[in-house]
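Colleague: What follows is a structure written as structure tokens; I'll ask about it next.
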Amino acid sequence: MGEIKLAENEFLTEEDWGDYFKYQNQEPYFIQRYDGICNQQEDGNYRIKYDVYGYDEAMIEQLQDFILEGEIHPETMKNNNQVIVTANMDGQGNYYFYGKKPGDKITLRVPKTENYTDELLKFQSGEENYIEKEFEIAAIVNRPLAQEKDFLNTEVWKNAQSVIMTDEQMEENFGITDYSFINASPTDGADAESVSNQLLQVIRDVPKAVLQDYTSAIETQKDYLKQQQIFFSSIAVILLIISLFHIINSMNHTILARRREYGIIRAMGITDSGFYKMILQTGILYGLLADVFIFLLYKLVLRRVMNYYMAHVLQFLHLTSHVPNLVLIGIMVLNVVIAVVAVMFPAWKMGRENIIYEIRR
């Protein structure tokens, strides 16, 4: 566990985030054990508690999927004493790390391992009980990969903020060696519960070893996303069917409302093929105009709505909301076909009726 020191202007780079730690500072557990999470000092600077983790290279590499900014290279981190930090996130999926970017510096202070007591976690003892180091930010991520439950990551605060470095940096900077994270993923088709029980048997004699099984949580999240996909796909199909009936009915009404006009044109001597060609051109024009409207609606409205929903409701990190060009072209072609069918059917009905009857109507 450690503490980051920030100047007042750094902490309040965006004032909307000034109350981010309000509820954590009011939580009895955090007050009793850490004297709060974020505290302003007499000199105006802020000190914020952070979990500090050392990962092996394999786990460091797996953080690539969670990058918001920057790049992750374990060797570069070791050589340049760089760290990975997790961004603060609000309830709408917006991320923030005090206005800092990869390449900026942070100052981190951790308790010394000699004569360690939990009282040191309040960071109120003498400076001789702490080690203070400056690090360069290599990357900002939205969450850590593995977490320790004995510090900030409790039931009242999930995915607590973290500073992550390599195991070698933990030893070199803070002299911490007697711990490690091991990350394992079962192969496809493996019984996760059986694997978990076997691992428990292996580590049962290892002091302070803890096994955290995330497989059930991952499956729950996948089921949740699958249900959402089915729900929205069903809505899309229903809306498509309703739209088809509406388009056909509208086109049918548009053509039949002009039947007297078309009757006069037929009486003036236009051939049936010429008449059908004229109606066909009308249908193609309707379809193309509808395609332009759909394209503009997708680009200017629907895509932004999808991006917002995935980023701020589902809180996806890597958005793939674009519709493939082939699918978009297929939809446009289908739209033209529907428009043509919708106008040709009433035209075919008129072509079979008596011209004088059409004119009198």
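Any read-out appearing in this document is the output of simple, stated calculations on the displayed coordinates, not a laboratory observation. In this text the structure is predicted, and so the values were computed from the model without any measurement. Cβ sites come from the backbone with ideal geometry, for glycine too, and all protein chains shown count toward neighbours.
Colleague: Relative to the present Cα-Cα distance, how much length would full extension add between Val337 and Phe275 at 0.36 nm per residue of separation? Kindly include the intermediate steps, with their values, before the conclusion.
Modeller: Numbers: separation 62, 0.36 × 62 = 22.32 nm, distance 1.85 nm.
Length gained, Val337 through Phe275: 20.5 nm.
Colleague: Is region 2-182 rounded, prolate or oblate when judged by the Cα gyration tensor, a ≥ b ≥ c being the square roots of its eigenvalues, rounded requiring a/c under 1.5 and prolate requiring a/b larger than b/c?
Modeller: It comes out rounded by the Cα gyration axes.
Colleague: Okay, moving on. Round to the nearest 0.05 the FRET efficiency obtained for Phe293 and Ala184 when R0 = 51 Å and r is the Cβ-Cβ distance.
Modeller: 0.45
Colleague: Next question, about the same structure. Suppose R0 equals 41 Å. What FRET efficiency, 1/(1 + (r/R0)^6) with r the Cβ-Cβ distance, do Thr113 and Leu225 give to the nearest 0.05? Let's see the in-between values first.
Modeller: Values: r = 43 Å, r/R0 = 1.04.
That pair, Thr113 with Leu225, gives E of 0.45.
Colleague: How many nm is it between the label spots at Ile242 and Gln62, if each spot is 7 Å from the Cα in line with the beta carbon?
Modeller: It is 4.4 nm.
Colleague: In nm, to one decimal, how far is the Ser194 label point from the Tyr130 one, both placed 7 Å along Cα→Cβ?
Modeller: Inter-label distance under the simple model: 5.1 nm.
Colleague: Right, here's the next one. Take the Cβ-Cβ distance between Tyr29 and Tyr95 as r, set R0 to 22 Å, and report the resulting FRET efficiency rounded to the nearest 0.05.
Modeller: Values: r = 25 Å, r/R0 = 1.15.
The pair Tyr29/Tyr95 has a calculated efficiency of 0.30.
Colleague: What lysines sit close enough to Lys49 to cross-link, taking a C-alpha to C-alpha distance under 26 Å and skipping anything fewer than 8 places away on the same chain?
Modeller: Correct list for Lys49: Lys5, Lys22, Lys78, Lys100, Lys101, Lys105, Lys112, Lys122, Lys133, Lys149, Lys158, Lys208.
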